[in-house]
Structures are given as C-alpha cells and as structure tokens.
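Engineer: Mind having a look at this structure? Questions to follow.
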Amino acid sequence: MTATRAVPAAGAAAAGAPVGDRAVAEFLALSGQALPLLRRWVGEEPGCGLARGLLTLATSERMSDTVLKQQLVTAHRDAQAAGEREASLVYGVFLHAHRQYRLTADHLLAHFERWPADEVAALMLDAFPAGGDAAYRARGDALVEQQAALAGSDSWAWTSCLASVRAEQGRVREAHRLAEHALSCNPRSGVAVHALAHAEHELGAGPASTRMLDAWLAEDAGAVQLGHLNWHAALQSIACGDFADARRRADTALRREDVGMRAATNWRLMLVGQEPAGRSDPDHVRELLAAPGGMAEVFHTFNLALALAVEAATEDLEILAGRAAADPRPDYHEVLAPVLRALAHLTAGRPRAAAGTLAALGGQAERVGGVRVEREIIQDTLARALIDSGDPARAAALLHHRTTTRHHHRYENLLLAPR
C-alpha cells in the first residue's frame, strides 16, 4: 500500500492550490487562515461532506448539541456519496467531536490500515493522549512513528507529528532536529514550532527560544496557538529569571478562559517568591469546577486546583481533594487527591506534610495527565516543599537533571534556595 498523497505546504507556496487543499494545509499548520478557508470551502462546495466535517471539527466546541448533530449528519451523508475514505474521515470527526476519544483512536487505527499516512486523519491524533490511558498513548506514538516512516521525511505534517512524539518521550535533541527539518519544509507548521518549544524548554534555551517564538508568531497574529506559545515563552523567561516578561506575557496574551496556563505561570512565579501576573477570579474557578465538565478530565481539574492554590484557597483545595478521593476513577482517588492535598498543605504553611504526600506518589504523579512541561510543576512543588521543610539535599537531587542539562536554570536555582 502506498501513502496517501500529501497536502501542499501552508502559506504562500500553496496559494494556487485548490481551496480544499489549502484549507487542510492551514488546518494542519494550526494557522489563523484555517477557519476562513474552511468556511470558504464549505461555501464553494456545500455538498462536500469532508469540508463540512472538518469545519465542524474546528468549531465543535462552540456548537450546541443540536447544531453539532445536524452538521455531522449532513457531512456524513455527503461524505458517503463521495467515497469510503471521506466517509471514514467524517465518522472519525463524529467520534472526536463527541469526545469519544478511545473510539476515535480505535477508528483511526483501522483508517490508517486502509489509507496509510493520510494527513487529513492526522488532524485527530490528539484522541490517543486524550483518552487518558497510557496504553492508548503508546499506541498513538507507535502509529505516528509508522505513518511518518511511510510518508517520508518530505512530509512536513508527519515529521511535525513525530517531533511532538519525540519531545514527549524525552528524546529532546531528536525532537529538536525533526522540528527544525519540518520547519525547513514548511516554516508555518504550528505543530513543529510547538514541538520545538517543548524541546527548547527541556534544554533551557531561554531568550533564544522566546525570540524564535516571537518571530514565528509575528508572521500570523491569528495563529491558533498564539496564547499557548506565549505561555511557552513565559516559561523560558521564568527559566532565565526574566520574571517581568513572564508576567507581561501572561497578562497580554492569555485570556480569561486560559485559567490553566495563567495558574501554571503564577504558581511557578510564587514558588520562587516572585509576584504573580494577573490572577484568575476565584469565583470563576469555582464555577468551572461546579460545571458539568469541571471534573470530567483529571488534568483539567488539576489546572483549576492550581488556580485555587495561587489564591491560597486552602479550604477549597481540601474540599476538592475530598471529592477526588471519593471519585471511583483510579487516577482521581489514587493520584489527583493526594496532589490536591499537598497543594492544600503548602498553601496552609505545612511544607513537610506536602513533601511527604508528593514524595509518596513517586512516578505515579504522571497519571495526573498533561505533557511533560505541564506535569513538571508537580516536581517544582515538591522541590519547594522539601526546601521549606529543611531537606535541601533531596531537593537538589530531585532537580539535578535540570540544573545540569538546561542552559538557563535560574528558576531551578531559586527553587533550591531557602526563602
């Protein structure tokens, strides 16, 4: 079987391509042009099920259940008339839009058997980690490795995906090389620049990374990852001690809805005794926790808990820890509950209890979800608790791999300094 034909590169090089190819390329690149082009594609070809399906994938979070169902039923009907591949892609969109991530992952495995290296299907690969199961994440990694090999190194889309996998696996220099190669093929690949940001976080690249991200973002003010890449830049500024820049980015690039990124920035700043950026409204955080999806995903709940920790809302954290402890899902009662208890201990001035609780988790803390750069904040919290409870040797051992491998690690030095 041969690989499915690659889409053209995003940007000016694809200007003469059909609108559908351009829309897919910009969507794969996470470009600010993706949504206008998807809408134009549907407008020019209202009977194209794939066009309607991809527009629905891009906008499903803003749709009511009724409108979502209507759009997907129409898209699948039209896709079936176009052929089996289009019908399979839209069915995958149906599952993904309804957050049936494990079913989406299972469907993608079957889809790639029939249509190897299909770059359009790559738009749904986040279903594998979103399934919240280590086995699914591993299958997704293996799938990306296989499809990238089939597509070849000239496929910027698959090379970008492989760079992301390698960054999450901790194969940082390989991730860096792959991301740079993908960007040489398509300088506007948002997946590649995101993978590069992850790799450079692990390397502690500091100002060099923030300059790279700022230059990349300057070319597309509407880039999907505008806030998220500014958050990565804020972390690099924290790494090298430019706390004012980190606060500036949090206040100018993060929206009210970006509670998790704002909390993760502020908690890091506070762990090293720095003033936080603008904070989230505690009542807004409580509303989000009380909403139907407030505890639907473990990592989302953890991010909301960080926002409470920034506010030193010890009582809220203790209540939330109790809810997590009573939750039948293992990741909640076995991992999230103790992490929340540790945050409550630290905000209440009990660092020794916080250190004991987090240290007991060991590697299980990874089950809180997210990616390496996001989960690292749990290790940061443990380091602070160890220092504040008078155990600098254990804290230094905990962060040794970071202080010896990262070019800029002012943040880690401050984590290891008594207050």
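Engineer: Of all residues in segment 221-257, how many are in contact (Cβ under 8 Å) with a residue 12 or more places away in the chain, open to solvent by 20 Å² or more (accessible area, probe 1.4 Å) and not in a helix (DSSP H, G or I)?
Structural biologist: Of the residues in segment 221-257, 8 are in contact (Cβ under 8 Å) with a residue 12 or more places away in the chain, open to solvent by 20 Å² or more (accessible area, probe 1.4 Å) and not in a helix (DSSP H, G or I).
Engineer: A further question follows. Scanning segment 276-309 for residues that are open to solvent by 50 Å² or more (accessible area, probe 1.4 Å) and of a type in the set (G, A, S), which turns out modelled with the lowest pLDDT?
Structural biologist: So the residue we want is A296.
Yes or no, residue by residue, for (1) out of contact with any Ser or Thr (no Cβ under 7 Å at 6 or more places or on another chain); (2) touching a residue at least 40 places away in the same chain (Cβ under 8 Å); (3) among the aromatic types (F, W, Y); (4) outside any helix (DSSP H, G or I):
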| site | (1), (2), (3), (4) |
| --- | --- |
| H284 | yes, no, no, no |
| L289 | yes, no, no, no |
| H300 | yes, yes, no, no |
| A312 | no, no, no, yes |
| E318 | yes, no, no, no |
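Engineer: Output the residues belonging to segment 261-270 that are open to solvent by less than 20 Å² (accessible area, probe 1.4 Å) and of a type outside the set (S, T, N, Q).
Structural biologist: A263, A264, W267, R268, L269
Engineer: Give just the number: which of (1) more than 28 Å from E297 (Cβ to Cβ); (2) touching a residue at least 24 places away in the same chain (Cβ under 8 Å) does N413 not satisfy?
Structural biologist: (2)
Engineer: Output the residue which, of all residues in segment 135-167 that are open to solvent by 40 Å² or more (accessible area, probe 1.4 Å) and touching a residue at least 40 places away in the same chain (Cβ under 8 Å), is farthest from E113 (Cα to Cα).
Structural biologist: Ranking the candidates gives D154 first.
Engineer: Then there is this: When you scan segment 95-115, do you find a residue that is more than 30 Å from Q70 (Cβ to Cβ) and open to solvent by 60 Å² or more (accessible area, probe 1.4 Å), even just one?
Structural biologist: Within segment 95-115 (the criterion being more than 30 Å from Q70 (Cβ to Cβ) and open to solvent by 60 Å² or more (accessible area, probe 1.4 Å)), the answer is yes, since at least one residue qualifies.
Residue by residue, here is whether (1) open to solvent by 60 Å² or more (accessible area, probe 1.4 Å); (2) closer than 19 Å to V224 by Cβ; (3) outside any helix (DSSP H, G or I); (4) in contact (Cβ under 8 Å) with a residue 24 or more places away in the chain holds:
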{"site": "A23", "(1), (2), (3), (4)": "no, yes, no, yes"}
{"site": "L35", "(1), (2), (3), (4)": "no, yes, no, yes"}
{"site": "G53", "(1), (2), (3), (4)": "no, yes, no, yes"}
{"site": "A58", "(1), (2), (3), (4)": "no, yes, no, yes"}
{"site": "L68", "(1), (2), (3), (4)": "no, no, no, yes"}
{"site": "A81", "(1), (2), (3), (4)": "yes, no, no, yes"}
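Engineer: Do we find that R40 is within 23 Å of L125 (Cα to Cα) and open to solvent by 20 Å² or more (accessible area, probe 1.4 Å) in this structure?
Structural biologist: Values: within 23 Å of L125 (Cα to Cα): no; open to solvent by 20 Å² or more (accessible area, probe 1.4 Å): yes.
Judged against the criteria, R40 is not a match.
Engineer: Quick one: S64 ticks every box in (1) over 27 Å from R139 (Cβ atoms); (2) open to solvent by 70 Å² or more (accessible area, probe 1.4 Å) except a single one, so which number is it?
Structural biologist: Result: S64 fails condition (2) only.
Engineer: Turning to a different aspect of this structure: Here is a list of conditions, (1) among the small types (G, A, S); (2) open to solvent by less than 10 Å² (accessible area, probe 1.4 Å); (3) part of a loop (DSSP other than H, G, I, E, B); (4) touching a residue at least 40 places away in the same chain (Cβ under 8 Å), and G273 meets all of them except one; can you say which number that is?
Structural biologist: In the conditions (1) among the small types (G, A, S); (2) open to solvent by less than 10 Å² (accessible area, probe 1.4 Å); (3) part of a loop (DSSP other than H, G, I, E, B); (4) touching a residue at least 40 places away in the same chain (Cβ under 8 Å), G273 misses (2) alone.
Engineer: Got a sec? Which of G16, G32, G49 is of a type in the set (G, A, S) and in contact with a helix residue (DSSP H, G or I) (Cβ under 7 Å, 6 or more places away or on another chain)?
Structural biologist: None of the other options fit; the residue is G49.
Engineer: Of all the helices (runs of 4 or more DSSP H) wholly in segment 342-419, which have at least 1 residues that are surrounded by 17 or more Cβ atoms within 10 Å (Cβ to Cβ) and more than 25 Å from the chain's Cα centre (by Cα)? Give the derivation first.
Structural biologist: On the way: elements: 351-361, 372-388, 392-398, 400-405, 410-415.
Helices (runs of 4 or more DSSP H) meeting the threshold: 351-361, 372-388, 392-398, 410-415.
Engineer: Next up: Going through segment 83-101 one residue at a time, which ones are assigned to a helix (DSSP H, G or I) and within 16 Å of G140 (Cα to Cα)? So that I can check it myself, show each step before the final result.
Structural biologist: Filtering segment 83-101 down to residues assigned to a helix (DSSP H, G or I) leaves 84-97, 101.
Within segment 83-101, G92, H96, Y101 qualify.
Engineer: Just to be sure I understand the filter: pairs with C-beta atoms under 9 Å, separated by 6 or more residues or on different chains, first member in segment 88-109 and farther than 15 Å from G49 by Cα and aromatic (F, W, Y), second member open to solvent by less than 40 Å² (accessible area, probe 1.4 Å) and modelled with pLDDT of 95 or more. Which pairs pass?
Structural biologist: Y101/L95; Y101/A127; Y101/F128
Engineer: On to the next question. Out of segment 168-194, which residues are outside any helix (DSSP H, G or I) and open to solvent by less than 20 Å² (accessible area, probe 1.4 Å)?
Structural biologist: Those that are outside any helix (DSSP H, G or I) and open to solvent by less than 20 Å² (accessible area, probe 1.4 Å): N186, S189.
The values are calculated or read from the model by the stated rules, or taken from the named source; none is laboratory data. Just so it is clear, the model here is predicted, and its values are computed rather than measured. Don't worry about glycine lacking a Cβ; one is built from the backbone with ideal geometry, like all the others, and counts go over all protein chains shown. Just so you know, the surface numbers come from the protein's heavy atoms only, side chains and all, with ligands and any DNA or RNA stripped out. Shrake-Rupley method; radii C 1.70, N 1.55, O 1.52, S 1.80 Å.
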